[in-house]
Every structure is written in C-alpha cells, then in structure tokens.
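Only one structure is covered here, and it is reproduced in the block below.
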Amino acid sequence: MPQGDTKRKSIKSSTLAARRLPVVHLRQNRKKFIKEVIALSISRIKQNTINRTALIEELEMTLFREKLRISQNRWRVDPDDENDFWDSIKRDLLLLSTEEDTQGMEDDILEKIVGRYVNEISGKFNTSHYQLARSLVTFGFGRLLNASRVKGFSSLWSNKVKLQDKIQITGQTELIRKLASKGTVIMLPTHFSNLDSILIGWIIHSLGMPQFLYGAGLNLFNIGVIAYFMNSLGAYKIDRRKKNAIYTETLKSYSSLAMQKGCHTLFFPGGSRSRSGKIEDRLKQGLLSTILEAQRINFEKSANYGKKIFVVPVTLNYHFVLEAPVLINEYLAQKGQERYYIETDEYSTSYKITTFLLKFFTKGSDISVSIGQPRDVLGNLVDEEGNSIDQQGRKINTRDYFSSRGAINRDLQREEQYTKMLSDKLVEEYHKINRAFSSHIVAFCAFEIWKNKHRKLDLYNLLRLPEEELFIDYDEFCKVVATIKERIFELKKAGRIDTAPHLEEDLEHIVAHGIANVGMYHAKRPLLLSKTGKITTQDLNTLFYYHNRLEGYGLEKYI
C-alpha cells in the first residue's frame, strides 16, 4: 500500500476512534449533559440547605461574593454581561424579600445561577479539532525545543533534538494504558506552574492514552492560542476566585457526572498552584470526593460489578517555575492565616506565554513527569486486570466498601473518611515519586545553611538578612551538598524519593548544574557563585520557594 494511503487510513482510524470516546460522546450531547448537571447541582445544593430560609441566605451570600469579586478581582476573560447578570439576580432577590406571593421564586433564581455556572464550566470540545490539536501540541513544542538547541531560523523545522529527550516520563505508564481499557482513569498531578496545564495535553498524547477531560484555570482561557488547545483537548474551566457553595457544588456535580459517564479525567487535587513551592501535603477534599461519589453511583447502577475508577498520582518536576517570585510572596503574605487572596492573572496573553515557552526551551534543562502507582478510590493498589489489592496482597472487592447489609447505600460520613484515606495515599505517593533535581538540592542546602547560622531568627526576619550576611564558603557548601545527596540516595533506596539522572554525576558538576538551573531566568537570581568564589543570592524569598521542594523528607537535620 502506498505510504500516503497508509497515512490517510491511520488518520481516518484515529478520527473514528476519537468519535467513540466517552468525552466525545459527552460533547456531542452537550445540551443534554448540561441539563443533567444543572439538575444534579440543584439537588445537591438543596440537600445542603435545611429549609427555604437557608437557601435564600445562600443565594444572598453568593450575590454578595460575586459582586465583591467583580469589583475587586476582575479578569479580562470574564463575560461582558457579568454586572448585568448579577444586577438581575439582585433585583430578583429584592422582589423575593418584598413581595408576598413568592413561593418557588428562590428555585428559579437558583436555577439561573447554576445554569450560568454550568455553561461557564463546560468546555467547547470540538471532535474535528481534536486530532489536529494533539498534533500541533507535539509539533509546536518540538519546534521550540529545536530552536533552542540548534541556532538559526531553519532550526524550527529541524528534528535534531526530540521532545522526549527534554521531557522525561517515568513510572507506571504501561499499567495505566491497560487500566484505561478496563475502567475510568483519573490522573491527579501536583500543580506548580501555568505550564502544567499546557504540557498535560502533550503528556497524555505521548503516553498513548485516550482522550481525557481535564480542569484548567479560567484565566488560561484568556490566552487565545492556549484557549484553542484547551478546548480542543477537552479542558473544562475552573474559576478559583469563586468560593461560594453554589459554584463549588456545581463544579463537583460536573466532575462527578462526567466520571460516571466514563470520561477519563484529570484535575489538580491541590487546587491552585503551590504558592510555597512544596509538594502538596493537603488536598482539596471537594473535587476529590466526587471520585468516591462517582464510584458508588457506578456500583449502584450495575447489578454486577460496576465500572471501576482508577486514580493515578502524577508528580511534575521542574528546575524552575516562571511564577515563583510572585507565588512565594503570596504565600509569605498569607502564611498562618485563613484568608482570601487575589489570584494573579500574570502571564495571561499569547505574547507572554509564548515568551515564557521560548525562554523555557532556550534556557531550561529537564522536565520530569513521574507516574505513580495506580490505585482504586480507597487508595488500594490495583493490578493489570484492575483488581484491588490490599496490604496483605489479597484481592478485594471495592464494591463491598460501599455496601450495607448487601446493598449499595449513600453514606456521606463514610465517603468523607474514604476521601481522607485516598488523599493521604496520594500525598504519600507524590513524595515517593518526586524526583530530586540538582536545583532542588543546592537551593535546599543554601537556605538551610543560612537558617542554621541564624537560629534565633524566625522565617520573616531570616528573609530580611542584609546582603553582607548572605555568603557561603564554596567548600563548605559542597560538603553540605555531598551530605544531602548521600541522604537522598538512601531515601531513594528505601523507596521514599526518586532522583534525576544528572545526580549520578560528580559533586562539582551537580553543584554547578544546580546553580546554573535554579531560577535561571528570574531578574534576580536565587543562587549564584560570586566573583569572589562564594555562594550568594539576589533573592532569598525565591530561594526559599525552590528550597521547599525537598521539604517533608527530614533532610534539614543533616545540615
């Protein structure tokens, strides 16, 4: 068969396969799905409000928070009719409080708000754009990579350097491909950068996985070229500014219903990007709980076993994060309090994100994507056939954990406990599959040395140290790095962390590599070697951010 015919047959086959995917089916029946989400959301919200008065109070609180968001934290991506819509809700609530015959009017107001939220959350997946978008993501990143490594305009069309050489995907890749044919896969990555959402489409494609539905921050949809890829690759919108119960219940309903329909899904269980630079040690229970809910409902609908849901922890590893200085300053401003913060909309134009990617591929080194052990919704490991395995290595029936007296039943307190169990297992796995990079180690060591030299200072006073205090003798620094490197390899042997290949190099190379890569394109360098041959910093706050990547392993006691 001629090569052109083979290629056309392959494309046709891929297109037909894409049309059979649950995500595609959901999009083709979008109106019906939206109606189902609205109905489920309203039902959930009413279950959480004990009476009519409580529901009206919730509506009033939602109006107040939304008007506050519009006045204090408006984004360009927000619809033009925001004020008009919420003014109409205000008028409706005023009538509700002043007119006599208003029975049921609160239900109409609730339906209007939920309907708006669902239409905002729902992506605009286009089947005909899907294959093209997947190809363009791979092609575009590949061209940028070669432009960074091979000089000259012609390098944009070069294949000298492969994207796979830049982005290393490790872990249980074969197992999750098998599980995708046996049930619904939910990928749950750590979240550090806006780059996470952009890369995730390529990662799924590279793994040979079927189409995923995934949540991405609403602010990213303001970027024209990124919005196209997000929509084409199956993303739905999450607005982290909206904290009201009606929005969160609507978002949870959307997630749960999509999983019930068999859509492979990806979302960031930590919520927004890590402000501190730490791996998540606490996950948002809201969206995570929808996985348990979807599994229970799958069992309820099936007289036999019911379609299983598998969760897959994923840790993303970078030498540097473009937004690090902004994120760590937000973290330090908020530390120790329960507070509302204005999530910044930085890097939210096509020009800025393109510049970011060019810098990243030009100056950056490795990205590592670590795929953890797939588990069932209770946190038990699963085998290639999708069987759940307990700690004694025995096969167990997950269905039994949702049953009482032989029948599947809804028990929110029980599912809340199961969600906590799952969360703990995910956090544990994130730390195990985390890959220590040279940049993480040098940042950790430098900050801990200064911390030890000023033990009487609290964090905030430490971060205000004068420049003359911020120097470390190079030989002293290398000794500390050697100690921490040795301890990290001991932890790796115990299965508690992973390491990047460049940590196999000699000590001097590791130190030089780490200093060269940590925050390399920030205006102020977190770590550098001074002209006098000493280790110093231009930005202690940002150094603290990169240091935090190795928090939680007890390494500080070895310095």
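The values are calculated or read from the model by the stated rules, or taken from the named source; none is laboratory data. Everything numeric here is computed off the predicted structure, so don't read it as measured data. Cβ sites come from the backbone with ideal geometry, for glycine too, and all protein chains shown count toward neighbours. Surface accessibility is based on the protein's heavy atoms, side chains included, excluding ligands, DNA and RNA. Shrake-Rupley method; radii C 1.70, N 1.55, O 1.52, S 1.80 Å.
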Protection-proxy order for peptides 328-334, 81-87, 444-450, each taking the mean of Cβ atoms within 10 Å per residue, highest first: 444-450, 328-334, 81-87
Cut-off under 5 Å, modelled amide H: who pairs with residue 235 long-range: 214
Spacing of the two label points (7 Å from each Cα toward its C-beta) at residue 474 and residue 90, in nm: 6.4
List 76, 65, 44, 282, ordered by accessible area with a 1.4 Å probe, largest first: 282, 76, 65, 44
With DNA, RNA and ligands ignored, accessible area of residue 248 (1.4 Å probe; Å², nearest 10): 50
Residue-span extension gain [residue 174 to residue 67] - 0.36 nm each, minus C-alpha spacing: 33.7 nm
Filter on 278/451; 35/178; 112/252 - keep pairs with C-alpha separation over 21 Å: 35/178
Solvent-accessible ranking of 311, 427, largest area first, probe 1.4 Å: 427, 311
Stretchable slack from residue 112 to residue 460, in nm (0.36 nm times residue separation minus alpha-carbon distance): 120.6 nm
For residue 545, solvent-accessible area (1.4 Å; no DNA, RNA or ligand), Å²: 10
Candidate residues 390, 424: accessible-area rank, largest first, probe 1.4 Å: 424, 390
Accessible-area value, residue 80, 1.4 Å probe, nucleic acids and ligands omitted, Å²: 150
Segments 529-541, 201-213 sorted - mean Cβ within 10 Å per residue, highest first: 201-213, 529-541
Pairs from 31/90; 284/420; 182/261; 284/308 whose Cα-Cα separation, in the structure shown, is over 19 Å: 31/90; 284/308
Percent carbon-and-sulfur accessible area, the range 407-513, ignoring ligands, DNA and RNA, probe 1.4 Å: 48
